[in-house]
Amino acid sequence: MLDFKGYRFFKDIILMTIRWYVAYALSFRDIEELMKERGVPVDRSTIQRWVIKFSPLLCAVFKKRRSAVNGNWRMDETYIKIKGQWYYQYRAVDKYGFTIDFILSKHRDADAAKRFFKKAIRSSGRPYKITIDKSGANTVGINAINKTLEQDKRIEIRQIKYLNNIVEQDHLFIKKITKPMKGFKSFNSARSTLAGIELHHMLRKGQYREKMVIKTVWEQFYSLAA
């Protein structure tokens with residue numbers, strides 16, 4: 001259970017502003033105005049602190065309740081601007097479009113790819129097949145994982161561009177939500193906010209294991225703090 005003790009505002013207010021920010025193309029200023037219209041005078045900097053603190057915690061709770069994913073993965077990276085510099089959000093989805101995992105990296109190289117694959121395997125199990133682009137770094141990263149596996153358990157690598165369209169299209173929701181943000185000010189704020197954005201996207205895709213009991217996306221989101 002997440003701890004909301006000591007905060008001036010009720011838990012429901014905190015969760016609602018976080019969800020608005022990670023779910024829609026709104027700035028902190030937009031949400032500040034929307035809350036004032038509802039008689040809640042919360043400052044945009046306060047909302048930002050809530051997003052940074054609670055988004056990763058909510059995402060961690062969700063991962064324990066996430067539905068199983070398929071072992072046929074598509075993997076790619078998308079660009080994220082932090083303090084005027086381009087960073088990389090490594091992401092993978094399965095063949096049905098369900099999110100496997102993600103990680104933000106300063107570099108786009110074999111070490112970053114290996115780190116991503118290790119994280120994804122820890123969270124989702126070992127895939128039997130991964131489709132990637134022509135990136136040599138990603139190939140090296142998977143091969144490094146394969147060296148630690150027995151011959152019959154090694155991951156098949158495919159480099160077929162049209163099969164990777166599913167993950168490339170899936171990146172678009174990040175661009176849509178982050179566009180009003182006009183870049184992040186720090187790596188930590190970017191990583192935390194992206195965790196919230198990815199979380200809400202997974203809820204929209206129906207990856208919540210308990211969705212038959214809790215129907216709407218916002219009910220699912222709020223239940224993570226229950």
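The values are calculated or read from the model by the stated rules, or taken from the named source; none is laboratory data. These numbers were taken from a predicted model, which means no experiment stands behind them. Note that each Cβ is placed from the backbone with ideal geometry, even for glycine, and that neighbours are counted across all protein chains shown.
Quick one: Ser186 ticks every box in (1) in contact with a Ser or Thr (Cβ under 8 Å, 6 or more places away or on another chain); (2) loosely packed, with under 14 Cβ neighbours inside 10 Å; (3) closer than 19 Å to Arg44 by Cα except a single one, so which number is it?
(1)
Name the helices (runs of 4 or more DSSP H) wholly within region 1-76 that hold at least 2 residues that are aromatic (Phe, Trp, Tyr) and at pLDDT 95 or above?
Ranges flagged: 11-23, 44-65.
Look at region 84-110 and say how many of its residues are in a loop (DSSP other than H, G, I, E, B), over 14 Å from the mean Cα position of the chain (by Cα) and of a type in the set (Phe, Trp, Tyr).
Number of matching residues: 1.
Could you count how many residues in region 189-223 are outside any helix (DSSP H, G or I) and surrounded by 21 or more Cβ atoms within 10 Å (Cβ to Cβ)?
Final tally of qualifying residues: 2.
Give me the pairs: first residue in region 78-94 and more than 20 Å from Ala110 (Cβ to Cβ), second residue acidic (Asp, Glu) and surrounded by fewer than 23 Cβ atoms within 10 Å (Cβ to Cβ), beta-carbon distance under 7 Å, and six or more apart or on different chains, which are they?
From residues that are more than 20 Å from Ala110 (Cβ to Cβ), the pairs are Val93/Asp170.
Given (1) more than 30 Å from Arg154 (Cβ to Cβ); (2) over 19 Å from the mean Cα position of the chain (by Cα), where does Lys81 come up short, assuming only one miss?
Answer for Lys81: the failing condition is (2).
Scan region 167-195 and report the pairs whose first residue is modelled with pLDDT under 95 and whose second residue is in a helix (DSSP H, G or I) and not hydroxyl-bearing (Ser, Thr, Tyr), with Cβ atoms within less than 6 Å and a gap of 6+ or a chain change.
So the pair list comes out as Phe173/His201; Ile177/Ile197; Phe184/Ala190.
Within region 34-65, how many residues turn out to be surrounded by 13 or more Cβ atoms within 10 Å (Cβ to Cβ) and over 19 Å from Ser192 (Cβ atoms)?
Number of matching residues: 4.
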